[in-house]
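So the structure is just underneath, and the comments pick up after that.
The values are calculated or read from the model by the stated rules, or taken from the named source; none is laboratory data. All figures in this text were calculated on a predicted structure; none of them were measured in a lab. Methodologically, a virtual Cβ is constructed for each residue, glycine included, from the backbone with ideal geometry; neighbour enumeration extends over all protein chains shown.
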Amino acid sequence: MKMERLIGILSILLQREKVTAPELAEQFEVSRRTIQRDIESLCRAGIPIATAQGAGGGISIMEGYRVDRTVLTAPEMQAILAGLRSLDSVSGTRRYAQLMEKLSAGTGGLVPGGAHMLIDLASWYKTSLPPKIELIQRAVEQHRTICFTYFSPKGESMRTVEPYYLVFHWSTWYVWGWCCSRKAFRLFKLNRMTQLRTGDLFEPRSAPLPDLEPERVFPIHYQVTVLFDSACRWRLVEEYGADRLTPEPDGRLRFTGGFPDADSVLSWVLTFGDKAELLEPEELRDQLGALTRTLADRYRRN
C-alpha cells in the first residue's frame with residue numbers, strides 16, 4: 001500500500017545519509033518511477049528532500065530538517081514488532097511483519113532475530129474470524145456500514161452499524177460502532193455475527209472510545225458464594241485470582257464474586273460438577289436444585 005511505502009521510505013531516509021532510487025525500488029518491490037512519485041508525495045507533505053544525480057548522488061533529507069535518528073530505540077522497535085506480529089496471528093499472513101522489516105531497514109539487528117515477546121491473538125475460530133476482521137477493517141477505512149444477523153441472550157436481530165473500532169478485549173474480538181436501530185454506540189461480538197456484509201457509505205460522526213470497564217459492560221446483579229473442592233483451586237486461581245478464595249476448616253475453598261445474570265452463575269457452577277456447592281443467594285440455589293433434578297430425570301435410566 002502507498003501509505004505503508006511512504007512511511008517506510010521516510011524511515012529509511014531518517015536512518016541513512018543517502019539512498020538511491022534503485023535501492024528503494026528493490027526494497028519495496030516497485031518501479032523507479034513509482035519511487036519518484038513517492039518522493040514527490042513526501043515533498044508535497046512538507047518533507048524537504050534533496051536529490052543529486054551522478055556518481056555519489058542519491059536521495060536524502062535536507063540536513064537542516066534532519067531529526068534524531070534514535071527516536072525509536074531497539075526495545076521500542078521490538079515492542080512495535082511484537083504488536084505487528086500479533087496482528088499477523090489473526091490474519092494468518094506476514095503483512096505487518098513485512099511492514100516492520102521495511103520500517104527497520106538499515107537498523108542492523110533490531111528486528112526480527114532479537115524479539116523476545118510473542119503475542120498470539122489467534123482463536124479457535126481461525127476459519128471464520130479473519131474474514132470478518134478484514135471486512136470490518138475495510139468498512140472502517142472506507143466509511144461503509146456493516147450489516148449482519150446478531151445473536152444475543154435477548155434473541156436474534158438484524159443490525160446495521162457504522163463501524164469505528166475493532167476491539168480485542170476479554171480474549172475476544174468486538175466491533176464498536178453506531179447501531180442504526182438503537183441510535184446509540186454499541187459493542188458487538190464478532191463470533192455472534194452471521195451473514196456479515198458491507199452496506200452504504202456513511203458520514204463519519206464523532207465517535208467516543210468504548211468504555212470497557214467490566215462493571216459497565218457486564219454490570220453485576222448477583223453476589224454469589226460457592227464452596228469448592230480443593231482440587232478446583234488451579235482453575236479458580238486462573239479465572240479469578242487467589243484473593244477470591246478463603247480456605248475452610250474441612251479443606252474446601254469458599255469463593256465469593258459477582259455475576260451479571262442468573263444463567264452465568266448456574267452454567268458456571270455446573271461446569272464443576274459435584275465439586276461445587278452454591279450457597280448464596282438462596283434464590284439461585286433453589287434454581288440450581290430444580291435444574292439438577294430436571295437433568296437427573298432426563299438422564300435417569302428406566
field: Answer from Leu209, Leu278 - the residue that is surrounded by fewer than 14 Cβ atoms within 10 Å (Cβ to Cβ) and within 28 Å of Ser152 (Cβ to Cβ)
entry: Leu209
- prompt: On the given criteria, is Leu99 outside the structural domain of Arg138 (by TED's automatic domain parsing), at pLDDT below 75 and either touching a helix residue (DSSP H, G or I) at 6+ places or on another chain (Cβ under 6 Å) or buried (at least 17 other Cβ atoms within 10 Å of the Cβ) (or both)?
  reply: yes
message: Name the residue that is surrounded by the fewest Cβ atoms within 10 Å (Cβ to Cβ), counting only residues in the stretch 1-60 that are free of Cβ contacts under 8 Å to residues at least 40 places away in the same chain, under 25 Å from Glu141 (Cβ atoms) and of a type in the set (Asp, Glu).
response: Glu29
message: Just to be sure before I move on: is Leu166 of a type outside the set (Val, Ile, Thr), free of Cβ contacts under 8 Å to residues at least 40 places away in the same chain, under 24 Å from Asp88 (Cβ atoms) and touching a strand residue (DSSP E or B) at 6+ places or on another chain (Cβ under 9 Å) in the structure I sent?
response: yes
task: Might you check whether a residue that is farther than 24 Å from Phe218 by Cα, in contact with a Ser or Thr (Cβ under 9 Å, 6 or more places away or on another chain) and not in a strand (DSSP E or B) occurs anywhere in the stretch 277-299?
output: no
task: State whether one or more residues within the stretch 201-208 are over 20 Å from the mean Cα position of the chain (by Cα) and either at pLDDT below 90 or of a type in the set (D, E, K, R) (or both).
output: yes
- prompt: Quick one: how many residues across the stretch 247-275 are surrounded by 12 or more Cβ atoms within 10 Å (Cβ to Cβ), among the β-branched types (Val, Ile, Thr) and without any contact (Cβ under 8 Å) to a residue 40 or more places away in the chain?
  reply: 1
- request: With the condition kept exactly as written, say whether any residue in the stretch 223-230 is under 27 Å from the mean Cα position of the chain (by Cα), closer than 28 Å to Ser152 by Cα and in contact (Cβ under 8 Å) with a residue 12 or more places away in the chain.
  value: no
- prompt: So Asp200 fits all but one of (1) within 24 Å of Phe218 (Cβ to Cβ); (2) surrounded by fewer than 11 Cβ atoms within 10 Å (Cβ to Cβ); (3) touching a residue at least 24 places away in the same chain (Cβ under 8 Å); what number is the exception?
  reply: (1)
query: Within the stretch 188-197, is there a residue that is buried (at least 17 other Cβ atoms within 10 Å of the Cβ) and polar (S, T, N, Q)?
result: no
statement: Taking first residues from the stretch 122-146 that are over 12 Å from Leu166 (Cα atoms) and second residues anywhere that are at pLDDT 95 or above and among the acidic types (Asp, Glu), the pairs with Cβ under 6 Å that are 6 or more apart or on different chains are Thr145/Glu162; Thr145/Asp200
- prompt: If a residue has to be within 13 Å of Ala276 (Cα to Cα), not hydrophobic (A, V, I, L, M, F, W, C) and not in a helix (DSSP H, G or I) to count, how many in the stretch 222-250 make the cut?
  reply: 2
- prompt: Considering only residues of the stretch 144-173 that are within 17 Å of Pro204 (Cβ to Cβ), of a type outside the set (Val, Ile, Thr) and under 20 Å from the mean Cα position of the chain (by Cα), which is surrounded by the most Cβ atoms within 10 Å (Cβ to Cβ)?
  reply: Pro163
Filtered residue count, the stretch 232-245, keeping only those that are surrounded by fewer than 12 Cβ atoms within 10 Å (Cβ to Cβ) and modelled with pLDDT of 95 or more: 1
